[in-house]
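Remarks on the structure that follows.
Derivation of every value follows stated rules applied to the coordinates shown; laboratory data play no part. Just so we're clear, the structure is a prediction, and the values are computed from it rather than from any experiment. Cβ placement follows ideal geometry from the backbone for every residue including glycine, while neighbour counts extend to all protein chains displayed.
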Amino acid sequence: MTFQWSEYFDLAQALTGVSTVTVTQEAKLRSAISRAYYSAYHQARLYLMGKGVQFTKSSLAHQSVAQFLSMSADRTLKSLGNDLTRLRDYRNEADYELVMSRNPTKIAPLAMQLAQNIITTLTSMAPANPPGTGTPPSNSGGAP
């Protein structure tokens, strides 16, 4: 079924309380996939910045964050990088494709699980002094 992009506006209105318009399940699921990705992406970016890694403020940062994790010598970080890449693929499809090749009813819960794992794992591994909190972290020059 072709997605009606105006359904995102309906969702935005409902989320802000501007309207009580009925929001379709597909709009909710697509938005959940997107929000799950962005929460995991920003957690990963913050984690890496806490390790001294700098990223540009461009769309390339999305690829760079996942690649940096995937190229890590640490197996956990490598796995998280692969999961973030998969989550980004789901997000791109949810945000840009009129017709999703994957069923959003099945992808949304998977996206939530991937994001939760990334966030939980990186939070438990977070450096003591994240950016903007005082003493800058040391950078040994290698991948985290």
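Here are the numbers for the structure shown:
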{"quantity": "Calculated from backbone phi, Karplus (6.51, -1.76, 1.60) coupling profile of region 119-124 in Hz, x at Gly/Pro", "calculated": "5, 5, 5, 5, 4, 6"}
{"quantity": "Rounded to the nearest 20 debye, dipole of region 1-54 from Cβ charges on Lys, Arg, Asp, Glu", "calculated": "340"}
{"quantity": "Spatially proximal lysines relative to Lys106 (Cα-Cα < 22 Å; intrachain offsets below 8 disregarded)", "calculated": "Lys28"}
{"quantity": "Highest to lowest packing among 63-73, 34-44, 10-20, 116-126, scored as the average C-beta count within 10 Å", "calculated": "34-44, 63-73, 116-126, 10-20"}
{"quantity": "The chain - Rg (one decimal) and Dmax (whole number), Cα, Å", "calculated": "17.1, 53"}
{"quantity": "Three principal axis lengths of region 4-64 [C-alpha, angstrom, descending]", "calculated": "45, 21, 17"}
{"quantity": "From phi via Karplus (6.51, -1.76, 1.60), per-residue ³J(HN,Hα) for region 74-80 in Hz, x at Gly/Pro", "calculated": "6, 4, 5, 5, 4, 5, 5"}
